[in-house]
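Presented below is the structure to which this report refers.
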């Protein structure tokens, strides 16, 4: 009977994986977002493959590990640098991240059924990433999901600490802000697990005070904005709520030397990763400027509001109050821990069901993050041994600190920022299910668990099949036409947009010897087969280009026999860049429109 159950579970899990992958495939090839981060990053990779120096000649603001991955894929491994190939790669990253999340939650809860459910939920949760295929966020999210798995000290705590340090270094070498927050999260989990000593207690207290103030330091340039101040207060409240459950762990197997080893191994990993651009001719000064100086300056002029639900204050206050009652007050009153188990189980159940029924990133950010610490509390089985508790510590600190990356701009980062909180809620759901099952008599427990597992797997299979059918219908709908451009044969876009892009590409090929698009629509270079006038990467935000680079672009266009300018209609509320406005008026005249795009050609002498 047990063997039949295992076979049934394996078949159901395989079915869920295939259906989730099918839905993700159709999602990946539907639509072409107007901001075109995909083309921006593809052009950066093209410059790298052509032998140009990152950071010196090609000003990019993402780390060398991302470009090493792209160089290997599109260089030695021979994967073509096309939109179809980039989207297939993005699909693989998304599915791998969901698989890691499923493995993590299944291991933490000791439930393969919960893990199978997470496989579908995580794949669906990462859907917004299809708006930015090929973005470094896909690699960063995968590495963040791997961190709690790397915290399993099965072969000794020293190896686990070294693995965590290398993973954090890898994230830093993809996106500095995500890696820095991940490093602080792991460091706090390590501090919570150091054996009791006066020096360790001093370190914990000082580190906690610094982390509580961290949101205010990060957001200091925009605190006059109401949404920024609100986010800073909330983030500090989340950290305070976690501090009690985290710092009262006890029973750790680490020493202060492990923390020093974490810092040393991480630094060595960062230096090793920097060898890739240095070997290709990049200068250390340019690397530092692009990866450290520019991101710090970015917040000063580029902060986009992210409105949190009005009840986020109430959730933060409730999370902090519950933490004090269940951990602080409970630690001083014998017996309160056992009597609080029903409350803890109920809280975990509510969080888990909430994210399953409504996996909205903003609501997870506001409603789950203040209560992520619940998964650290013991259940009916009693306190967990440190090797099984430590990965939970890492996961919870990630859930509380990673949301800070939504400042100054959230974008697709909000999925990476809230993935750990989502997984905390799903771990809590598995804990609650096990706790409720333990209240049943042993004879009835197995039958009840088998029945619930069957119903849960059937519901997940039904939901996954419905998701796959829905996206298959969208992909095959008449409203979505094949893009039918070089390297984008699998892609589909809204009918009028697809027709406009095809006409625009044909006109650029016939009439223009060189062109630039503002805001950046760099995919046009791949579809026309033409090279940009300079090595500058024109993004959605033109302020990233300095005055001298705008002058260089204008000079290169002026020297071309038949230069053109492609202007895309700005979003409501967006402001035009006066430098490109002047360039347009001095050199070009309006020619014709292609949907949201307008072609400008050289003004007669």
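Selection over the stretch 345-361 of residues that are surrounded by 23 or more Cβ atoms within 10 Å (Cβ to Cβ) and assigned to a loop (DSSP other than H, G, I, E, B) gives a count of 0. Take the conditions (1) surrounded by fewer than 13 Cβ atoms within 10 Å (Cβ to Cβ); (2) within 30 Å of residue 346 (Cα to Cα); (3) modelled with pLDDT of 80 or more; residue 307 misses just one of them, which is (3).
Based on this model, can you work out whether residue 456 counts as touching a helix residue (DSSP H, G or I) at 6+ places or on another chain (Cβ under 7 Å), within 21 Å of residue 101 (Cα to Cα), surrounded by fewer than 19 Cβ atoms within 10 Å (Cβ to Cβ) and at pLDDT 85 or above? Considered against the rule, which asks whether it is touching a helix residue (DSSP H, G or I) at 6+ places or on another chain (Cβ under 7 Å), within 21 Å of residue 101 (Cα to Cα), surrounded by fewer than 19 Cβ atoms within 10 Å (Cβ to Cβ) and at pLDDT 85 or above, residue 456 comes out as yes.
Considering only residues in the stretch 197-232 that are over 18 Å from residue 403 (Cβ atoms) and not in a helix (DSSP H, G or I), the one that is modelled with the highest pLDDT turns out to be 224.
When the stretch 170-185 is limited to residues that are under 12 Å from residue 211 (Cβ atoms) and surrounded by 24 or more Cβ atoms within 10 Å (Cβ to Cβ), the one that is farthest from the chain's Cα centre (by Cα) turns out to be 185. Checked against (1) modelled with pLDDT under 85; (2) in the same structural domain as residue 356 (by TED's automatic domain parsing), residue 431 meets all criteria but (1).
Which one of these does residue 153 not meet: (1) crowded, with 19+ Cβ neighbours inside 10 Å; (2) assigned to a helix (DSSP H, G or I); (3) modelled with pLDDT under 85? Unmet for residue 153, out of (1) crowded, with 19+ Cβ neighbours inside 10 Å; (2) assigned to a helix (DSSP H, G or I); (3) modelled with pLDDT under 85: (2). Checked against the criteria, residue 266 counts as in a helix (DSSP H, G or I), modelled with pLDDT of 95 or more and either on the phi < 0 side of the Ramachandran plot or surrounded by fewer than 18 Cβ atoms within 10 Å (Cβ to Cβ) (or both).
Here 487, 411, 428 are screened, and the one residue that is within 24 Å of the chain's Cα centre (by Cα) and at positive phi is 411. Only one of the listed residues (554, 544, 562, 531) is in contact with a helix residue (DSSP H, G or I) (Cβ under 7 Å, 6 or more places away or on another chain), surrounded by 18 or more Cβ atoms within 10 Å (Cβ to Cβ) and outside the structural domain of residue 60 (by TED's automatic domain parsing). That residue is 554. Only one of the listed residues (179, 163, 154) is out of contact with any strand residue (DSSP E or B) (no Cβ under 6 Å at 6 or more places or on another chain) and closer than 25 Å to residue 134 by Cα. That residue is 179.
Inclusion of residue 72 among residues that are in contact (Cβ under 8 Å) with a residue 12 or more places away in the chain, out of contact with any strand residue (DSSP E or B) (no Cβ under 6 Å at 6 or more places or on another chain) and assigned by TED's automatic domain parsing to the domain that holds residue 295 is not warranted. Kindly indicate which of 260, 223 is surrounded by fewer than 19 Cβ atoms within 10 Å (Cβ to Cβ), under 26 Å from the mean Cα position of the chain (by Cα) and in the same structural domain as residue 417 (by TED's automatic domain parsing). Exactly one of 260, 223 is surrounded by fewer than 19 Cβ atoms within 10 Å (Cβ to Cβ), under 26 Å from the mean Cα position of the chain (by Cα) and in the same structural domain as residue 417 (by TED's automatic domain parsing), namely 223. With respect to the conditions (1) free of Cβ contacts under 8 Å to residues at least 60 places away in the same chain; (2) surrounded by fewer than 17 Cβ atoms within 10 Å (Cβ to Cβ), residue 52 falls short on a single one, namely (1). Look at (1) within 20 Å of the chain's Cα centre (by Cα); (2) touching a residue at least 60 places away in the same chain (Cβ under 8 Å); (3) surrounded by fewer than 17 Cβ atoms within 10 Å (Cβ to Cβ) and you find that residue 62 fails only one, number (3). Does residue 113 satisfy the criteria of being in contact with a helix residue (DSSP H, G or I) (Cβ under 9 Å, 6 or more places away or on another chain) and within 24 Å of residue 28 (Cα to Cα)? No.
Selection over the stretch 94-110 of residues that are crowded, with 21+ Cβ neighbours inside 10 Å and either without any contact (Cβ under 8 Å) to a residue 24 or more places away in the chain or more than 17 Å from residue 421 (Cβ to Cβ) (or both) gives a count of 3. In summary, residue 71 fulfils each of the numbered conditions (1) modelled with pLDDT of 95 or more; (2) over 22 Å from the mean Cα position of the chain (by Cα); (3) buried (at least 18 other Cβ atoms within 10 Å of the Cβ) with the single exception of condition (2).
Within the stretch 362-371, can one find any residue that is farther than 25 Å from residue 262 by Cα, touching a residue at least 24 places away in the same chain (Cβ under 8 Å) and outside any helix (DSSP H, G or I)? Checked the stretch 362-371: at least one residue is farther than 25 Å from residue 262 by Cα, touching a residue at least 24 places away in the same chain (Cβ under 8 Å) and outside any helix (DSSP H, G or I).
The values are calculated or read from the model by the stated rules, or taken from the named source; none is laboratory data. The shown structure was predicted, so the numbers you read here are calculated from the model rather than taken from an experiment. Reconstructed Cβ throughout: ideal geometry from the backbone, glycine too, with neighbour counts over all protein chains shown.
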